1. Calculate the mean, over all residues of peptide A:41-50, of how many other protein chain Cβ atoms lie within 10 angstrom of the residue's Cβ.
2. Which one of A:33, A:45, A:14 has the biggest mean-square fluctuation once chain A is modelled by GNM with Cα springs under 10 Å?
3. In debye to the nearest 20, how big a dipole does the stretch A:35-97 give about its Cα centre with +1 on each Lys and Arg Cβ and -1 on each Asp and Glu Cβ?
4. For residue A:84, go 7 angstrom from Cα along the Cα-to-Cβ vector, then report the distances to that same point in the other copies in nm, smallest first.
5. Along the charge dipole of the stretch A:11-88, which of A:37, A:48, A:86 sits closest to the positive end, that is, farthest toward it, with unit charges on the beta carbon of Lys, Arg, Asp and Glu (+1, +1, -1, -1)?
6. Taking every alpha carbon pair in chain A, what does the distance histogram look like in 10 angstrom bins from 0, in percent?
7. To one decimal place, what orientation-averaged projected area in nm² is obtained for the convex hull of the Cα set of the protein assembly as shown?
8. 7 Å along Cα→Cβ for the label point: how many nanometres lie between residue B:43 and each equivalent label in the other copies, listed shortest first?
There are 2 protein chains.
Amino acid sequence: MVADRVRHTVAFTLVHAEGSPEELDFLHAAEHLANIPGVEAFELLAEVSPKNGYRFGIVMEFADRAAYARYDGHPDHIRFVQERWLREVSEFLELDYAAR
Amino acid sequence: MVADRVRHTVAFTLVHAEGSPEELDFLHAAEHLANIPGVEAFELLAEVSPKNGYRFGIVMEFADRAAYARYDGHPDHIRFVQERWLREVSEFLELDYAAR
């Protein structure tokens with residue numbers, strides 16, 4: 001990775017049944033996070049390792065920590081966390097990567 | 001991500017002191033995993049989130065699960081796990097991502 005750049009990742013599991021309309025609705029809503037200013041290289045992925053219980057992953061990159069902080073405080077992000085994430089995510093882990 | 005492709009990631013912490021020669025030696029050895037056939041887009045990164053205790057991350061991609069399995073069973077990978085990983089890594093979590 002390029003210096004200063006941050007790759008924000010979160011692995012998560014939903015309270016919804018696998019393949020349910022509620023699951024799909026959450027994932028569609030999560031895709032809109034890609035539209036928040038500063039978000040680059042957005043990916044909504046399946047987590048497929050048998051060694052943990054997480055089922056999905058979101059990956060996004062920011063040019064630097066300031067851009068990451070602006071995303072974190074953006075009203076659309078805060079609204080998503082309050083209205084969807086806190087209610088519909090049962091387990092999650094955030095891992096953020098940068099160049100060594 | 002392209003269908004079939006797998007992104008193998010592992011977040012980890014070492015038994016070694018931060019910035020120690022032992023830490024650096026482990027990281028240098030880990031970089032050689034990039035030379036194992038099938039490994040693509042290898043990255044050895046810093047894990048920088050204050051929300052977890054992991055300090056490093058390794059990310060690599062495989063064209064498909066068969067390439068991932070060949071890596072997993074490759075003698076150089078097995079030797080690294082036995083001689084370095086099991087002795088020098090104190091905590092780790094593997095997360096593998098694929099297209100939804």
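1. 5
2. Greatest mean-square fluctuation among the candidates belongs to A:45.
3. Once rounded to the nearest 20, the dipole reads 180 debye.
4. 4.0
5. A:86
6. For chain A, the binned pair fractions read 15, 48, 31, 7, 0 percent.
7. Over all viewing directions, the protein assembly as shown projects a mean Cα-hull area of 11.3 nm².
8. Label-point distances to the other copies, shortest first: 0.8 nm.
Taken together, the values in this text are just the output of simple stated rules run on the coordinates, not laboratory data. If you're wondering where the values come from, they're calculated on a predicted model, not measured in any experiment. Reconstructed Cβ throughout: ideal geometry from the backbone, glycine too, with neighbour counts over all protein chains shown.
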